[in-house]
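*Asks:* Take this structure, written in structure tokens, and hold onto it; I'll ask about it next.
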Amino acid sequence: MQSVSLVAMHISALKLRDATWHLTTLPSHTAHSTNNRHKEPRFMTRIAILLRGVNVGGKHKLPMAELKQCCEMLGILDCTTHLNSGNAVGSLAAAKVDGFAASLARALEKRCGFGVPVVVRTASALKRTIAANPFLAENAAPASLHVAFLDAKPATAKVRALDPARSPGDRFILQGSEVFLHLPHGVARTKLTNAWMDSSLGVTSTQRNWATVLALAELLDASD
């Protein structure tokens, strides 16, 4: 009888040990999963989405509601459009940022039937661009300031080959993948066009006036 009692006590001890292990390890796993869910927003990046050549002169019409839908289908959260010229901001998984411009360009071409160049900038990159504008130190009129956003940093040899006197009265300074423009006679009269930059630098460019650049930065901050 004593040996039977010892066996029963041993079995009970094993059951208690297993139950204790289950109770102590399960919450730990659950807490780890919960922590991962809480950390997910840290891996989201705020971005500005810049399209070129839409809704200009009655050509390449693209309702901003459709742009927003395409962005959301590709994973953009909190998407907001600005003006009617192809600007949007939103949050995107950091791992998807590098390939987003190409993905959106393909989606828009499939949906609209025409090609749409797309350039993307993160919120931090846009802030650096604003701080780096060399013409601000000269107290240039804000209405004369523009920025050409390039989809890649151009080769040094191509940058050196640019003609600084191409558009008399206008000036440009290239820094990294942005071209800062001072156009005192207006954007309509300048020869510093997207087409010239594309062909000269071997990149895709899209220009925004200074007011739009500042507005996009403000929209990016609004949902941070």
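Just so it is clear, none of the values below were taken in a lab; they were calculated from the coordinates. Just so it is clear, the model here is predicted, and its values are computed rather than measured. For neighbour counting, all protein chains shown are included, and Cβ atoms are generated from backbone atoms with ideal geometry for every residue, glycine included.
*Asks:* Give the order of Asp198, Asp163 when sorted by the count of other beta carbons within 10 angstrom, beginning with the fewest.
*Replies:* By the 10 Å Cβ count, ascending: Asp163, Asp198.
*Asks:* If packing is taken as the average number of other Cβ atoms within 10 Å across a peptide's residues, how do 45-53, 73-81 rank, most packed first?
*Replies:* Result, highest mean first: 45-53, 73-81.
*Asks:* Okay, moving on. Which whole-number percent gives the relative contact order of the range 93-210, counting Cα pairs below 8 Å spaced six or more residues apart?
*Replies:* Details: 146 pairs, mean separation 33.3, N = 118.
This gives 28 percent for the range 93-210.
*Asks:* From the cross-link list Lys61/Lys158; Lys96/Lys127; Lys59/Lys110; Lys96/Lys158; Lys158/Lys191, which pairs have alpha carbons spaced over 22 Å apart?
*Replies:* Numbers: Lys61/Lys158 33 Å; Lys96/Lys127 20 Å; Lys59/Lys110 17 Å; Lys96/Lys158 29 Å; Lys158/Lys191 18 Å.
Over 22 Å apart, Cα to Cα: Lys61/Lys158; Lys96/Lys158.
*Asks:* In which sequence would Phe135, Phe43 go, from the one with the fewest C-beta neighbours within 10 Å to the one with the most?
*Replies:* Listed from fewest to most nearby Cβ atoms, that is Phe43, Phe135.
*Asks:* Using a simple spin-label model with points 7 Å from Cα along the Cα→Cβ vector, what separation in nm is obtained for Arg106 and Ala195?
*Replies:* Roughly 2.9 nm, to one decimal.
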